[in-house]
Amino acid sequence: MSFTESLTELVAKNSNGLLGKAAHWERVRLGDVAAVLNGFPFPSDRFSQGDGIPLLRIRDILRGRTETSYDGDVDAEFIVAPGDLVVGMDGDFNTALWRGPRAALNQRVCKLSPNPHFYDKRLLHWVLQGYLSAINAATSSITVKHLSSRTITEILLPLPPLAEQQRLVAVIEEHLSRLDAAVAALERVRVALPRYRAAVLKAACEGRLVETDAASTAWTSVAVEQVATEVRYGTSAKTSETKTGIPVLRMGNIVDGRLDLESLKFLPENHEEFPTLLLAPGDVLFNRTNSPELVGKTAVYRGIPAPCSFASYLIRIRLAPTCVPDFLSYTLNSAVGRRWIGSVVSQQVGQANVSGGKLKEFTFALPPVPHQHLIVAEVDRRLSLADAAHRAVAAGLAKAKRLRQAILKRAFEGKLVPQDPNDEPASALLERIRQA
């Protein structure tokens with residue numbers, strides 16, 4: 001679908017400040033200060049993975065690189081150079097200063113070339129995304145959203161004096177470069193946290209996490225069937241979303257080694273498989289069927305909600321006192337467990353499967369019970385620290401997003417840089433634009 005509302009009304013009812021302007025500024029149509037060039041419909045049968053010229057497609061705009069080339073002739077008019085301002089005209093309507101190599105401008109991407117005597121290209125980059133996001137929000141999404149070049153040309157941009165535009169760009173880029181550095185640091189932490197969690201689990205099940213007297217902590221090799229009193233599939237009965245009866249845990253409820261209870265389905269309290277298939281605190285739940293990267297994810301049921309059952313894609317392992325449930329769960333979720341799952345998994349129509357029989361045969365190293373408790377406590381401590389770091393990173397990224405918007409809002413309100421009485425007034429600049 002395409003945008004059909006009034007751009008004037010869109011600006012008038014905007015509340016986030018990103019479509020605002022200072023009182024001493026004017027407004028101008030984007031098409032009066034910049035040329036808009038639509039991309040060319042290059043035939044896809046000439047696309048390649050390296051032969052020819054790089055091809056700039058919608059998916060490449062934000063990431064600043066392309067993996068597709070066009071092996072054919074390209075008119076010089078449709079060449080995008082590093083630093084050119086481009087806009088994606090389908091999907092989310094993103095804009096960016098192109099960071100990639102010289103590339104051919106594909107269809108549904110347009111290039112904006114502002115007249116430097118009227119509008120600073122870098123300021124247009126910072127201003128434009130707010131308008132595109134507002135247009136995107138006001139466009140129906142029954143089908144893929146489309147943005148026309150006509151709509152782009154009709155956008156009513158704020159028009160500061162040209163000298164003020166240049167001061168604004170310098171201060172915006174100074175603030176946002178520092179903010180980008182902080183965000184990059186947070187992203188590095190966010191990416192590192194899963195590796196840290198995996199390293200903790202690996203060290204735990206290899207006996208390298210807790211130092212104790214080796215003589216009293218001899219590890220033995222055991223199979224699940226040696227330490228389990230039961231290995232059982234869950235119910236295949238049809239469940240209901242009505243929040244009455246007995247909740248049934250499914251494979252989607254196991255997330256990052258824990259049970260996520262946000263989405264539950266239910267069976268009647270008098271279901272014929274109860275109480276046999278009711279869970280007990282300490283039961284280990286193993287996801288036997290899922291995508292290859294998720295099959296085998298495991299969590300421990302801790303008694304909440306109660307009573308509670310489990311669905312057929314899960315296997316319940318009920319353990320003897322010789323094995324601490326969390327120790328087995330951490331082992332199955334560790335690199336040790338993942339390697340074993342990769343060695344026994346079977347594939348059927350895009351789904352990976354590990355049977356109960358295979359699960360019984362899973363062999364792992366098991367220390368005495370007191371040492372298991374020490375290891376579990378240390379894993380819990382370290383994963384709690386990782387959880388706290390994850391929350392801090394998420395809060396930091398959210399704060400950075402708000403701060404970015406606040407910086408741009410102040411800029412567009414004329415509050416980020418001082419005005420200079422020697423600047424050519426925006427009204428005079430607008431008159432020059434009209435004459436041109």
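The values are calculated or read from the model by the stated rules, or taken from the named source; none is laboratory data. Quick caveat: nothing in here was measured; it's all calculated off a predicted structure. Counting neighbours? That spans all protein chains shown, and the Cβs are built from the backbone with ideal geometry, glycine included.
Values for this structure:
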| read-out | value |
| --- | --- |
| Filtered residues of the range 22-35 (kept if of a type in the set (A, V, I, L, M, F, W, C) and either part of a loop (DSSP other than H, G, I, E, B) or surrounded by 18 or more Cβ atoms within 10 Å (Cβ to Cβ) (or both)) | ALA22, ALA23, TRP25, VAL28, LEU30, VAL33, ALA34 |
| Residue under evaluation ARG208, criteria (1) closer than 30 Å to HIS371 by Cα; (2) free of Cβ contacts under 8 Å to residues at least 12 places away in the same chain; (3) assigned to a helix (DSSP H, G or I), criterion not met | (3) |
| From SER355, SER346, residue being outside the structural domain of VAL376 (by TED's automatic domain parsing), of a type in the set (Ser, Thr, Tyr), free of Cβ contacts under 8 Å to residues at least 24 places away in the same chain and farther than 23 Å from ARG197 by Cα | SER346 |
| Residue match in the range 98-108 (condition: out of contact with any Lys or Arg (no Cβ under 9 Å at 6 or more places or on another chain) and assigned to a helix (DSSP H, G or I)) | no |
| Failed item in (1) among the hydrophobic types (A, V, I, L, M, F, W, C); (2) surrounded by 15 or more Cβ atoms within 10 Å (Cβ to Cβ); (3) at pLDDT 95 or above; (4) closer than 30 Å to PHE412 by Cα, with LEU19 passing the rest | (3) |
| Yes/no for ALA406 being farther than 28 Å from ALA192 by Cβ and assigned by TED's automatic domain parsing to the domain that holds CYS205 | yes |
| Residues of the range 226-248 classified as of a type in the set (A, V, I, L, M), touching a Cys at 6+ places or on another chain (Cβ under 8 Å) and either free of Cβ contacts under 8 Å to residues at least 60 places away in the same chain or closer than 18 Å to LEU261 by Cβ (or both), total | 2 |
| Residue within the range 236-251 that is over 26 Å from the mean Cα position of the chain (by Cα), in a strand (DSSP E or B), among the β-branched types (Val, Ile, Thr) and surrounded by fewer than 11 Cβ atoms within 10 Å (Cβ to Cβ) present | no |
| Index of the failed condition, GLU77 passing every other in (1) within 29 Å of ALA138 (Cα to Cα); (2) not in a loop (DSSP other than H, G, I, E, B) | (1) |
| The range 123-154, subset outside any helix (DSSP H, G or I) and among the β-branched types (Val, Ile, Thr), residue surrounded by the most Cβ atoms within 10 Å (Cβ to Cβ) | THR139 |
| Long-range neighbours under 8 Å by Cβ, at least six apart or interchain, first residue within 13 Å of GLN165 (Cβ to Cβ) within the range 424-436, second surrounded by 12 or more Cβ atoms within 10 Å (Cβ to Cβ) and among the small types (Gly, Ala, Ser) | GLU424/ALA163 |
| Residue match in the range 263-272 (condition: under 30 Å from LEU193 (Cα atoms), assigned by TED's automatic domain parsing to the domain that holds ILE341, out of contact with any Cys (no Cβ under 7 Å at 6 or more places or on another chain) and among the aliphatic types (A, V, I, L, M)) | yes |
| Selected residue [in a strand (DSSP E or B), without any contact (Cβ under 8 Å) to a residue 60 or more places away in the chain and over 24 Å from the mean Cα position of the chain (by Cα)] from LEU285, LEU277 | LEU285 |
| Flag for GLY50 being assigned to a loop (DSSP other than H, G, I, E, B), exposed (fewer than 13 other Cβ atoms within 10 Å of the Cβ) and either in contact with a helix residue (DSSP H, G or I) (Cβ under 8 Å, 6 or more places away or on another chain) or at pLDDT 95 or above (or both) | no |
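This table checks each residue for (1) of a type in the set (Val, Ile, Thr); (2) over 28 Å from the mean Cα position of the chain (by Cα); (3) buried (at least 16 other Cβ atoms within 10 Å of the Cβ).
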| site | (1), (2), (3) |
| --- | --- |
| PRO54 | no, no, yes |
| ARG57 | no, no, yes |
| ARG63 | no, no, no |
| GLU67 | no, no, no |
| ASP71 | no, yes, no |
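The rows are residues; the columns are (1) touching a Phe, Trp or Tyr at 6+ places or on another chain (Cβ under 6 Å); (2) modelled with pLDDT under 95; (3) not β-branched (Val, Ile, Thr).
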position	(1), (2), (3)
THR322	no, no, no
SER334	no, no, yes
ALA352	no, yes, yes
THR363	no, no, no
LEU366	no, no, yes
SER384	no, no, yes
VAL393	no, no, no
